[in-house]
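Right, one structure below, let's go through it.
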Amino acid sequence: MQAKETKLQDIIEGTKQYVIPLFQRTYSWTDKEWEVLWKDLVELCEMENPRTHFIGSIVNMPTVSVPEGVAKYLLIDGQQRLTTVFILLTLLRNKARENQNSRFADEINNTLLVNQYKDGNDYYKLMPTQVDRPTFENLINGILNGIENQITKAYIYFEKKLKQVELEPEKLKKIITQYFSVVSIVLDVEDNPYLVFESLNAKGRPLTQADLIRNYVFMRIHVDRQEKVYSDYWLPMQTALNNNLTEFIRHFLTGSTHLKVQ
């Protein structure tokens, strides 16, 4: 495990992709967290000599990607703040496009939001969980669809805040990328990311038994296959059973164990 303090720009620049594992929850920040981040951002922008501002940790682990793919990292912890940063940068890019500042918009888009010369999923620098992914990809592609979830709510929240202040978008972008700092923790291949997540989640909202089983299963499936397995097998079961999923798994395992004993 390696840890160091670094700027956000170093985290997201370059041809790379952060994949939020299936054992992570969906994006769930609300007005409370957005307000704190926005106030910190505005305060730094109004300073003549901004100071470095620590916003938390980013815990990730490199994965084995296909040869032609981008360098991929499992985002074990920090998905909420990193997703919010991408939402803010997308907003600044969109406002630059509206103001005909195409050079600044392209700079944000091509260096911070996407892997410009990659196709398919590799095009995006952040891959949220399957539930959030369509909305996030539409946002990156310049489409604010009618689906209401925390990602679109965050975008609308910051859009309203941006209209209330007279700050240069260039200054906002500089503060986010160069003055927001994080502790970057990179796990070794021998580390168990599931156990690390469980430890970090210990003080958070408890995981259900179904969550724990899903985590256990998917941590044993390569990241390049997880989406298909999730879409073909886990999601239909989860959709059909909803809150009864834990009870179903319990009965299934009990029945399977009983049959083996007989």
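For the reader, a short list of remarks on this structure follows.
- Region 221-262 - residue that is under 21 Å from the mean Cα position of the chain (by Cα) and at pLDDT below 70 and, of those, nearest to Asn121 (Cα to Cα): Asp224
- Selection status of Gly14, at positive phi and either touching a Gly at 6+ places or on another chain (Cβ under 7 Å) or of a type in the set (Lys, Arg) (or both): no
- Residues in region 144-164 that are at pLDDT below 90, among the hydrophobic types (A, V, I, L, M, F, W, C) and over 17 Å from Tyr27 (Cβ atoms): none.
- Taking the listed residues Val70, Val85, Val59, the one that is of a type outside the set (Asp, Glu), surrounded by fewer than 20 Cβ atoms within 10 Å (Cβ to Cβ) and within 29 Å of Ala3 (Cβ to Cβ) is Val70, with no other qualifying.
- Contacts under 8 angstrom Cβ, first residue in region 32-58 being among the polar types (S, T, N, Q), partner part of a helix (DSSP H, G or I), 6 or more apart: Thr52/Tyr179
- Output for region 76-102, where each listed residue is more than 16 Å from Leu144 (Cβ to Cβ) and of a type in the set (A, V, I, L, M): Ile76, Leu82, Val85
- Residue among Leu8, Leu74, Leu37 that is of a type in the set (A, V, I, L, M, F, W, C) and at pLDDT 95 or above: Leu37
- Residue count for region 1-45, restricted to those that are assigned to a loop (DSSP other than H, G, I, E, B), among the basic types (Lys, Arg) and buried (at least 17 other Cβ atoms within 10 Å of the Cβ): 0.
- Odd one out for Ile12, checked against (1) among the aliphatic types (A, V, I, L, M); (2) more than 20 Å from the chain's Cα centre (by Cα); (3) within 28 Å of Leu144 (Cβ to Cβ): (2)
- Near pairs, Cβ below 7 angstrom, 6+ apart or cross-chain, from region 132-149 (over 13 Å from Val114 (Cα atoms)) to any residue that is in a helix (DSSP H, G or I) and aromatic (Phe, Trp, Tyr): Leu144/Tyr155
The values are calculated or read from the model by the stated rules, or taken from the named source; none is laboratory data. No experiment lies behind these values; they were computed from the predicted model shown. So basically every Cβ, Gly included, is an ideal-geometry build from the backbone, and we count neighbours across all protein chains shown.
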